[in-house]
1. Touching a Phe, Trp or Tyr at 6+ places or on another chain (Cβ under 8 Å), assigned to a loop (DSSP other than H, G, I, E, B) and at pLDDT 80 or above: which single residue out of Leu384, Leu301, Leu296, Leu377 fits that description?
2. Just checking, which of Val167, Val129, Val145, Val160 is surrounded by fewer than 18 Cβ atoms within 10 Å (Cβ to Cβ) and either β-branched (Val, Ile, Thr) or in a strand (DSSP E or B) (or both)?
3. For Leu296, work out the one condition from (1) in contact with a strand residue (DSSP E or B) (Cβ under 7 Å, 6 or more places away or on another chain); (2) more than 30 Å from Lys162 (Cα to Cα); (3) of a type outside the set (Ser, Thr, Tyr) it doesn't fulfil.
4. Among the residues of segment 338-353, count how many are at pLDDT 85 or above and either touching a Leu at 6+ places or on another chain (Cβ under 9 Å) or polar (S, T, N, Q) (or both).
5. Given the structure, is Arg248 touching a helix residue (DSSP H, G or I) at 6+ places or on another chain (Cβ under 7 Å) and farther than 20 Å from Leu385 by Cα?
6. Given (1) more than 21 Å from the chain's Cα centre (by Cα); (2) surrounded by 15 or more Cβ atoms within 10 Å (Cβ to Cβ); (3) not in a strand (DSSP E or B), where does Met151 come up short, assuming only one miss?
7. Restricting attention to segment 56-74, which residues are crowded, with 17+ Cβ neighbours inside 10 Å, more than 9 Å from Val37 (Cβ to Cβ) and more than 28 Å from the chain's Cα centre (by Cα)?
8. I'd like the residue in segment 220-254 that is charged (D, E, K, R) and touching a Phe, Trp or Tyr at 6+ places or on another chain (Cβ under 8 Å) and, out of all such residues, is nearest to Leu147 (Cα to Cα).
Amino acid sequence: MITDAAGGLPRYCHPYHGGWDVARIALDIPESRILFVCPVSCARIICLNAIKYDYKDRIDVLALTEDDIVSGNYEEKTIEAACEVLEQHSPRPKALILYVSCIDAMLGNDHAFQTETIMERYPDVNCFVLKMCPITRYSGDLPLVSLQHDMYAPLPPEQVPKKKQVVFIGTNIAYDKDVELIKLLEENGYKALHLQASDFYEDYLDVRASSLALCLMPFGKTAGELLKERYDIPFLPYFARYDINAIRQTITGLCQALDLPLPDLDRMEEETRAYLRKTAEEIKDCEIIIDSSADLFPDALRETLTSCGFKVKRVYADDIKRQAPDIDSGNIYQPMTRRYAPSEDVIALGMVASSFEGTTKTVNLFYDNGWWGFYGLRKIAESLLQAYREGRSAADVRKLALKDA
């Protein structure tokens, strides 16, 4: 359960929510494996998520006991467990991630000693540490920010020749192939590299060869700065907003950075707006609720949808001062009044909004689902229409059942 900073009602963090917990994010690194070092209660949500989304064969858990924590012997215990994991798998993973929890931050574990010892025994394995520390959620060291940075820090320090390749950072989910940025790059001979779409550890190492790093989520800002400083990779922090002007500026900025021909943005915008208006007309009797787990900039999405005829009733948002160009941290709160009664007259964009509203119509959107731009807006409209039709049918069935009863 999480209670917001303003003292509001608690929210249950469902282990299936979105499917992108800290473990699955780190497993974007291809051919990697995770050893969780934490009390068993901390591992519960990770294991449930791994079962649900079928990556249970890539994680192991070292469940710490009270004795381990009090005595401090879990440094050696971690090394033993890591070696046991590596011995049991053939071929061995190319990377072994030691994932530590909040308790580790309080005990002063010597991570360098652990990883160096493991790599001395297994020189073909890159071993490094990532942190699962929700206690830092209200600090300047947000878990997703540090995680994105620490995922790229273990790359070899040597620079490599640059390729016609753009690496996407800050996002958990690889973008759909029909997203405008992906099509634009591939049509002009560039490789769009997103680790989640790769099966090969070599692509992780090849991040160093990118000619540009494109960051579409604020979480990746420090990772982009790391790649720029260490490998001289230009970094564009174009955060993914569903604002028409922001979409146009991002496409224009990418074309200028790589000297690519600019597509017909006027045509793309008009076709998208026409599609949104047509969808809004069909669901005009239904209002929309948006939450910031569905889209990190829900106010921008609300303005775009409203301009095309949708009725956006309200937004459940986190306050992260998103106007700043160097977003990395902020205070979290849920400013809206919450309701927990079943509602049949709204569509929820996001599972948080769905739980608050109790609606039968929900779009399970989590940080854009690999959508972006004009394409993403059309996918959102398509999903709203599908949720409207399916939710309407479910409501009719329920009404009939109540009538028969």
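1. Answer to the check: Leu296.
2. After ruling out the rest, the residue left standing is Val160.
3. (1)
4. Total meeting the criteria: 3.
5. yes
6. (1)
7. Selection gives Asp68 alone.
8. Filtering first and then ranking leaves Glu225.
The values are calculated or read from the model by the stated rules, or taken from the named source; none is laboratory data. All values derive from a computational prediction rather than experimental measurement. Don't worry about glycine lacking a Cβ; one is built from the backbone with ideal geometry, like all the others, and counts go over all protein chains shown.
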